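Chemist: One structure follows; several queries about it will come next.
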Amino acid sequence: MIWKKLRGELIDIIEWLDDTNDTMVYRFERYGNEIKYGAQLVVREGQYAVFVNQGKIADVFTPGQYKLETKNLPLLSTLMGWKYGFESPFKAEVYFVSSRRFTDLKWGTKNPIMMRDAEFGPIRIRAYGTYVMKVDKPDVFIKEIVGTDGEFTKDEIDGQLRSIVASRFADVVGEAKIPALDMAANYDEFGKFLTERIQSEFDTYGLELTKLLVENISLPSAVEEVLDKRTSMGVIGNLDAYTKFQAAEAMEKAAENPNGGGAAEGMGLGMGFGMAQQMMGSMQQASNSGQNVQGNQAGGPPPLPGASVLAVYVGVNGQQAGPFDEGALKGMIGQGTLTPDTLVWMTGMSGWKKASEVGEVAKLFGQAPPPLPPMG
């Protein structure tokens, strides 16, 4: 015990070598808080040194090297009643305060923020980002936040600061009345405005908010799904043209693989007939529209009274497709997707029959070219 005391009194260099990345305040430890007269105080760049006597903050030192004498400790000398100097050792607490910037501190909204959007109506949004802060008034920071804590880290105040940022963000978003779809273009403006808005509250803690970034503002997942669908429709553009393109691709693939077999073949045939039906409907609609606008010059004359127009339904794997006219049926026969054994139906028939048993369809097999032989 005696050696520990003597060792404490012999300390004549007071300094702090910070080997951490999160310590904001460190109390210099020694036996009985005794400091030798004429001791050297070393305050490095990025540090403050604060002397405290009996719970009262006295002198604050900025970076530099100091010899501790009465003239360098005016406030402490006054508190301790030193008029003509003092004898070694004297008692005082020394707190080193880091003045470096603490970066990449996270903030975010714990719960969704309710707001009224001009386009979507009432919606909820979430946001998150980062901020940077540092101590710029070490005496205020120790008095208001640290107290007698011997080692104070940023994690001990980060939660409070994060709550302040999130709360003020909700106020700013509500007052700005910026449409949700335009918020991404205003992240930088949000960050600057929040920095100015919150700085006064950081000042009360002796801190400076040097930078605040808004990294993301997001909508609920259900709203985002609707937006994605809306975006997809915008990319597709002309839905009728897109449908025809898909139908043509499906029929081309089916023609390239006529021997796929099994469920895949049935599925391909079904899709091909369905797409063909959709294409025929679109083409027929366009033809009728042309006739209505330009008469005989655009779509040709209508069928003569009493003329027979084929409208045949085709059965594929238990599902019907159609109706198809004579041109479409010839195309199917040429591709090999309509055979004499394929079931068909027309108006006036009591049930489905093989194509070879229906005269109007059977005669088309002799008019259409046979399927191409397999390559190789």
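Values in this text are rule-based calculations from the coordinates and carry no lab data. Bear in mind that the values here come from a model prediction, so they are computed numbers and not experimental data. Every residue, glycine among them, receives a Cβ derived from its backbone with ideal geometry; neighbour counts consider all protein chains shown.
Chemist: Using a Förster distance of 35 Å, how high is the FRET efficiency between Ala222 and Leu310, based on the Cβ-Cβ distance and rounded to 0.05?
Modeler: The value I calculate is 0.15.
Chemist: Using a Förster distance of 41 Å, how high is the FRET efficiency between Met80 and Ser167, based on the Cβ-Cβ distance and rounded to 0.05?
Modeler: That gives a FRET efficiency of 0.40.
Chemist: Across region 48-131, how large is the tail of the calculated P(r) beyond 19 Å, expressed as a percent of all Cα pairs?
Modeler: The calculated P(r) of region 48-131 puts 60 percent of pairs beyond 19 Å.
Chemist: I want to check the label-to-label distance for Glu151 and Lys363. Put each point 7 Å from Cα in the C-beta direction and report it in nm to one decimal.
Modeler: Here the modelled spin labels are 10.2 nm apart.
Chemist: How big is Rg to Rh over region 13-66, alpha-carbon atoms, Rh as the Kirkwood inverse-mean-distance radius?
Modeler: Answer for region 13-66: 0.94.
Chemist: Could you tell me the ratio Rg/Rh of region 102-224? Both radii from Cα atoms, Rh via Kirkwood.
Modeler: 1.04
Chemist: With unit charges on the beta carbon (Lys/Arg positive, Asp/Glu negative), name the residue among Ala176, Thr195, Leu105 whose Cα is farthest towards the positive pole of the charge dipole of region 102-224.
Modeler: Toward the positive end, the furthest listed residue is Ala176.
Chemist: I'd like the FRET efficiency for Ala184 and Glu208, computed as 1/(1 + (r/R0)^6) with the beta carbon distance as r and R0 of 30 Å, rounded to 0.05.
Modeler: 0.60
Chemist: Now for a separate question. Be a star and scan region 199-233 for residues whose amide nitrogen sits under 13 Å from the point 7 Å along the Cα-to-Cβ vector of Glu119.
Modeler: Backbone N within reach: 219, 224, 226-232.
Chemist: Taking the alpha-carbon distance from Lys56 and a cut-off under 16 Å, which aspartates and glutamates remain once sequence neighbours fewer than 8 residues away in the same chain are dropped?
Modeler: Qualifying aspartates and glutamates at Cα under 16 Å: Glu93, Asp139, Glu144, Asp149.
Chemist: Arrange Glu15, Glu175 by Cβ neighbour counts within 10 Å, fewest through most, would you?
Modeler: Fewest to most other Cβ atoms nearby, the residues stand as Glu175, Glu15.
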